[in-house]
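The numbers here are math on the coordinates, done by the rules we state, and not lab data. Given the structure is predicted, the values throughout are model-derived calculations rather than measurements. Glycine also receives a Cβ, built like all others from the backbone with ideal geometry; neighbour counts cover every protein chain displayed.
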Amino acid sequence: MSVKSYPQLVAELAELDADIEAARRRERAAAMETIRELMTTFDIKANELRRDRRGPYRTRPVEMKYRDPVSGREWSGRGHKPAWFTGKDRSRFLIDGAADSLDAKKRA
């Protein structure tokens with residue numbers, strides 16, 4: 001039984017790490033090629049592969065509810081309040097159609 005010294009084992013480990021990384025890169029490239037071929041064959045889009053427990057990922061445009069009469073900028077009411085909106089009465093900036101939809105939501 002041959003006992004290897006610490007420097008020999010470290011050198012062997014470095015060589016094995018390099019071999020492992022090279023094998024990983026080769027196999028990953030082959031896997032990516034297979035995945036691309038399958039996605040093309042079955043017309044699979046990248047967003048269909050998402051693991052989402054809440055169901056499919058779909059986005060819709062958000063209706064704008066507020067408009068700055070000076071600059072014409074709009075805000076949907078989501079996210080951070082714009083500077084032109086902060087500290088002012090919301091009803092002054094409501095877009096006509098948005099006021100109707102807000103009233104309907106309050107009644108529901």
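Taking N as the number of residues in the range 1-80, what value does Rg over Cα atoms divided by 2.2 N^0.38 Å take? Show your work: numbers first, answer last.
Details: Rg = 26.9 Å, N = 80, 2.2 N^0.38 = 11.6 Å.
Ratio of Cα Rg to 2.2 N^0.38 Å: 2.31.
Taking θ = phi - 60°, what integer Hz values does the Karplus form 6.51 cos²θ - 1.76 cosθ + 1.60 yield along the range 24-36, in sequence order, with x for Gly and Pro?
4, 4, 4, 5, 5, 4, 5, 5, 4, 5, 4, 4, 4
Pick out, in residue order, every one of the trypsin sites (Lys or Arg not before Pro) in the range 1-88 that is DSSP loop and has at most 16 other C-beta atoms within 10 Å; say none if there are none.
On the way: sites: Lys4, Arg24, Arg25, Arg26, Arg28, Arg36, Lys45, Arg50, Arg51, Arg53, Arg54, Arg58, Lys65, Arg67, Arg73, Arg78, Lys88; in loops: Lys4, Lys45, Arg50, Arg51, Arg53, Arg54, Arg58, Lys65, Arg73, Arg78, Lys88.
Here the sparse-neighbourhood loop sites are Lys4, Lys45, Arg50, Arg51, Arg53, Arg54, Arg58, Arg73, Arg78, Lys88.
From the backbone phi of the range 5-14, what are the Karplus-calculated ³J(HN,Hα) couplings (6.51 cos²θ - 1.76 cosθ + 1.60, θ = phi - 60°) in whole Hz, Gly and Pro given as x?
With the stated coefficients, the range 5-14 comes to 7, 4, x, 5, 5, 5, 5, 5, 5, 4 Hz.
Taking the Cα centre of the range 6-49 as origin and charging only Cβ (+1 Lys, Arg; -1 Asp, Glu), how large is the dipole, in debye to the nearest 20? Before the final figure, lay out each step's value.
On the way: 6 positive and 10 negative charges, 38 e Å.
Charge dipole of the range 6-49: 180 debye, to the nearest 20.
Compute for the range 6-49: radius of gyration divided by Kirkwood radius, i.e. Rg/Rh, restricted to C-alpha atoms, rounded to two decimals.
Details: Rg = 17.4 Å, Rh = 12.8 Å.
Taking Rg over the Kirkwood Rh, I get 1.36.
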